Amino acid sequence: MKDDSSCTYEFGPFLVLLDERRLLFDDKQIQLTPKAFDTLLILIQHSGQVLEKKEIMDQIWPDTFVEEATLAQNIFTLRKALGENATGVQYIETIPKRGYRFVADVKKSYRELSAPQTNTASGLSSIAVLPFDSLLTGSNDEYLGLGMADALIIKLGNVKQMVVRPTRAVRKYTVSDLDPIAIGKELSVDLVLAGSIQRLKNKIRVTVQLVRVTDSTTLWSEKFDETFEDILSVQDSISEQIINTLTLKLTTQEKERVTENYTNDSEAYLKYLKGRFYWGKWTREGFEKGVACYQQAIKIDPGFALAHAAIADAYNTLSFYGYLAPKPAFLAVNQAALQAIQIAPNSAEAHTALAISNFAFTWDWAMAEQEFLRAIEINPGNPTIYHSLASFLLAMGRFSEAHDNLKLALKLDPLSPLINTSMAYPAFFSRRYDQAINELQAAIDLEPHFPLPYKILGDSYTEKGMYKDAIAAYNKSIDLIGAQSILLAYIGRSLALSGKRQEAMKIIRRLKTISKDSYVSPTSFAVIHSSLGEEEQAMDLLEESYRDRCNNLVFINVQPAFGNLRSSSRFTALIQRMGFASSPPGAE
């Protein structure tokens, strides 16, 4: 009897490989989300049959409540992936008021599956690149060791056969004399790359060692004495030696991406490394210093695509956290993203930047999803892209798909405080607050000094009517990151809902005072006015946010704080103007 895991389905120019969960068009992969692939699979396995909507939804989302709009979005995604509009060829027929039918002829066959094999001679496939020790360098060179690791992480991340822990996961290991084997075990990797970098005027010495975690065996070590202008070639040599040591066979595209440096100017590259160093501090000052460094890099080399992509990311983050008004942020993000993609059309970072621009500011949902999927296709080992895609899917109300992508991100970066915290979002936005609280408590246990889980914990307590606990959680977040306007707004919401109207009004007055010196999103004021039952005022503020293109407005259609506005015709008109078809699953 044939093993169904070896099954393939062929229709028109398309081929579905069941064991690899891939859709191919003329041998080229078409990127699909996991739920979109499941939808396609069910349709082609019942080719010619009418499938009721409920039947499809029960198979794709068992034990989970979803609305028909979610299934319709998956069908839309599939039709676009199959090129129905472009070619005029129909594969999926809509049966009004019933469901869907796959109308193309499908050929089912089987192929021989080889025994599972590792991609390396030694069976090693995951690696952590630790920050290089900076030896005898001045304080101005503190970024160099982390920057060296960051550059290698980006390069090796282009190799699909390897899982590379991201920079955020290794950043905390900048202290010298840490045991690389212990770190490797903590990060659950097969290999650790450790090294040192010493700079003296225009000379650098780089030593590096690749160690197997299970038995502390050194697989490769080397010392490089070069001029600083040759630091990029040193990185290329290290990447190449790792790949050769593990006997990895790269595709032509992977070889090109691993050796792509995006700039040949060492001074521009130095500015970029400084920017990455500051940005990684995850503070307002760090973001702003990072932007300044990226801009200096571009001034030196206008064709430096990674620096353009980094500017887009930084400005979006500054705006999202309320440090920068949305209109100047949008202009900066859009310009930088378009520059990055024009210079480097095969860069995952450039496609991610363009995806963020379309998601956060332009609100072109189809283009945003397309760019996220293209970035993942180029670099499927980058957890940040999966996390960003999950944020997009949450805003679209596609909570199950968001959860799937967060799990992929967590597998690539299991110790990330941000990703562990974000695991609570699908439950929170689908109104399963107890489950969200459990996820958040686990994230806090992992990293008690990370502020975000306390904010979402406060949100969850608020929706459960536990206002005292909510305010305590918000204040804990403020202790860690400062009195951000969004945190004050949700304290105001808790106060309003608990009947403390005058105290909630004090928060509004405080936000107005803050807005005289720095930007405060109208959405923050809308949160409190909505909670006070002042719906018309809340809608006025949300429409102001719409005119301003506030990027935090993208979650309006899933945010419980605006649940009482859903019956308003103004609210319905607003979400329709933003391109949301209907209320998402779990929304009130």
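The values are calculated or read from the model by the stated rules, or taken from the named source; none is laboratory data. Note that the coordinates shown come from a computational prediction; the quantities given were computed from them, not determined experimentally. Cβ: placed from backbone, ideal geometry, glycine included. Neighbour counts: every protein chain shown.
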- Task: Give the number of residues within region 453-476 that are of a type outside the set (V, I, T) and buried (at least 20 other Cβ atoms within 10 Å of the Cβ).
- Result: 12
- Note on the structure: With criteria (1) at pLDDT below 85; (2) crowded, with 19+ Cβ neighbours inside 10 Å; (3) of a type outside the set (F, W, Y), V164 comes up short on (1)
- Task: Considering each of T218, T214, T207, T227 in turn, give the residue that is more than 27 Å from K160 (Cβ to Cβ), surrounded by fewer than 16 Cβ atoms within 10 Å (Cβ to Cβ) and of a type in the set (V, I, T).
- Result: T227
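To keep it simple, each residue is scored yes or no on (1) under 25 Å from E349 (Cα atoms); (2) assigned by TED's automatic domain parsing to the domain that holds P383; (3) touching a residue at least 60 places away in the same chain (Cβ under 8 Å); (4) under 19 Å from the mean Cα position of the chain (by Cα).
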{"position": "G145", "(1), (2), (3), (4)": "yes, no, no, no"}
{"position": "M148", "(1), (2), (3), (4)": "yes, no, yes, no"}
{"position": "G157", "(1), (2), (3), (4)": "yes, no, yes, yes"}
{"position": "P166", "(1), (2), (3), (4)": "yes, no, yes, yes"}
{"position": "K172", "(1), (2), (3), (4)": "yes, no, no, no"}
{"position": "P180", "(1), (2), (3), (4)": "no, no, no, no"}
{"position": "V189", "(1), (2), (3), (4)": "yes, no, yes, no"}
- Message: One residue is enough: does region 483-490 have a residue meeting the conditions touching a residue at least 60 places away in the same chain (Cβ under 8 Å), in contact with a Pro (Cβ under 6 Å, 6 or more places away or on another chain) and in the same structural domain as N564 (by TED's automatic domain parsing)?
- Response: no
- Item | E267 vs. criteria in a helix (DSSP H, G or I), at pLDDT below 85 and surrounded by fewer than 22 Cβ atoms within 10 Å (Cβ to Cβ) | no
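If we only count helices (runs of 4 or more DSSP H) wholly inside region 408-452, which ones have 2 or more residues that are more than 21 Å from N382 (Cα to Cα)? Give the derivation first.
Working: elements: 417-422, 425-429, 433-446.
Filter on region 408-452 gives 425-429, 433-446.
Give region 66-79 a look and list any residue that's modelled with pLDDT of 85 or more and crowded, with 16+ Cβ neighbours inside 10 Å, or say none. Give the steps one after another, and end with the answer.
Initially, region 66-79 is screened for residues modelled with pLDDT of 85 or more, giving 75, 78-79.
Listed by number, the residues that qualify are I75, L78.
Residues that are within 16 Å of R549 (Cβ to Cβ) and either of a type outside the set (A, V, I, L, M) or not assigned by TED's automatic domain parsing to the domain that holds E256 (or both): find the helices (runs of 4 or more DSSP H) completely inside region 278-364 holding 1 or more of those.
Numbers: elements: 284-300, 305-320, 326-343, 348-357.
Because the criterion is at least 1 residues that are within 16 Å of R549 (Cβ to Cβ) and either of a type outside the set (A, V, I, L, M) or not assigned by TED's automatic domain parsing to the domain that holds E256 (or both), the helices (runs of 4 or more DSSP H) in region 278-364 that meet it are 305-320, 326-343, 348-357.
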- Message: Tell me yes or no: at least one residue of region 44-66 is within 30 Å of R432 (Cβ to Cβ), in a helix (DSSP H, G or I) and of a type in the set (V, I, T).
- Response: yes
- Note on the structure: Of the residues in region 392-413, those that are surrounded by 22 or more Cβ atoms within 10 Å (Cβ to Cβ) and either within 11 Å of the chain's Cα centre (by Cα) or not assigned by TED's automatic domain parsing to the domain that holds A424 (or both) come to F392, L393, A402, N405, L406, A409
